[in-house]
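Below: one structure, written as structure tokens.
The values are calculated or read from the model by the stated rules, or taken from the named source; none is laboratory data. Just so we're clear, the structure is a prediction, and the values are computed from it rather than from any experiment. So basically every Cβ, Gly included, is an ideal-geometry build from the backbone, and we count neighbours across all protein chains shown. What goes into the accessible areas is simple: the full protein's heavy atoms, side chains included, and nothing from ligands, DNA or RNA. Shrake-Rupley method; radii C 1.70, N 1.55, O 1.52, S 1.80 Å.
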Amino acid sequence: MFLYGKTYMILTYGVSEKGLVRKANEDAIGMKVEGLYLLADGMGGYDGGQVASTLAVESGQRYFASLPKEEAFSEEGLKESLCAAKRAILSEKRDSPALQSMGTTMVGAAIAEGHLYWAHVGDSRLYRYEEGTLTQVTTDHSYVMELVTEGKLTKEEMRRHPRKNEITRAVGIDENLRVDTGSFPLSDGTLVLICSDGVSGMVEDEDLARLISESPRKTKEDMQALGQRIMDKVYEAGAQDNASLILIQIWN
């Protein structure tokens, strides 16, 4: 891919598993459109969660696939793709009364013109790893994160809080969807990790950073190995939820 007037190599890996507790995988990932990465974590019961996350990812991919190739990715474009997912889920709910409670978290990321653009709703996360430091870029839309922001709870305490799984925003709940967006420049060596809370809720940020720092990331096989190391950690911790991740590695 062409970034900053140079050709950069982009290595990716994605995986989605149902964990050790759930009967079905209610997560979905999408990497079919070049330069576009989508992850959704559905809610609404056995059927609803699967339907919502799948609709979200498929709708987001269709939105960009329908655009002229000269229209580059952008924050606004990613926001619109999440709105397309919202419309698809609401339409399905009108046709399927049994799915009235479904909705989904969603993270969309896209690479264009030397930047990574992102859009986000819910508590799935996007991390950035550069120069040995792992930073959570997105802010969880969750009850416990609001308590952390208000200083009523520490990040360590939020992991054990009985309401840790309550989200305050989701795609497909109603017409009024607030989407967070942002962007940052990509450098040689930048790694982006997108994951559902089935990963971030099972593996501490410090452990994620350590796994990344200790792992070679120069080939597709390296990226797959890193992804599997992270998933192994999830399963060692009990894999209480569906677990999904996408890794994006930039090299010049």
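A few remarks follow.
- Convex hull volume per residue in cubic angstrom - Cα atoms of region 99-234: 142 Å³
- Potential extension, residue 232-residue 34 segment - 0.36 nm per residue separation minus Cα distance: 68.5 nm
- Of the accessible area of the chain, computed with a 1.4 Å probe over protein heavy atoms only, carbon and sulfur atoms account for 47 percent.
- Surface per residue (accessible, 1.4 Å probe) for the chain, Å²: 46 Å²
- Ranked by the mean number of other Cβ atoms within 10 Å of their residues, highest first, the peptides 152-164, 173-185 come out as 173-185, 152-164.
- A Cβ-based charge dipole, computed about the Cα centre of region 46-139 with Lys and Arg at +1 and Asp and Glu at -1, lands at about 320 debye.
- Note on the chain: the C-alpha convex hull projects to 13.1 nm² when averaged across all orientations.
- Length-normalised contact order for region 32-93 - Cα pairs under 8 Å, 6+ apart - percent: 34 percent
- Remark: for residue pairs 86/218; 155/220; 18/86, the C-alpha separation exceeds 27 Å in 86/218; 155/220.
- Label-point separation in nm, residue 157 to residue 62, each point 7 Å along Cα→Cβ: 4.5 nm
- Three-way shape call for region 163-203 based on the alpha-carbon gyration tensor, with the a/c threshold at 1.5: oblate
- Placing unit charges on the Cβ atoms only, positive for Lys and Arg and negative for Asp and Glu, gives the chain a dipole magnitude near 320 debye about its Cα centre.
- Rg of the Cα atoms in region 47-104, relative to 2.2 N^0.38 Å, amounts to 1.21.
- Top positive-direction residue, dipole computed over region 211-252 with Cβ charges, set 248, 234, 211: 248
- Close amide H partners of residue 180, meaning residues 5 or more places away or on another chain with modelled amide H under 5 Å apart, are 120.
- Only Lys, Arg, Asp and Glu carry charge here, each on its Cβ (+1 for the first two, -1 for the last two); on that basis region 186-252 has a dipole of about 300 debye about its Cα centre.
- For region 79-142, the square roots of the Cα gyration tensor eigenvalues, ordered a ≥ b ≥ c, give a/c of at least 1.5 with a/b no greater than b/c, which places it in the oblate category.
- Cα gyration tensor shape for region 6-116, rounded if a/c is under 1.5, else prolate or oblate: oblate
- Helical mean residue ellipticity (222 nm; -39500 (n - 2.57) per DSSP H run of 4+; nearest 500) of the chain: -10500 deg cm²/dmol
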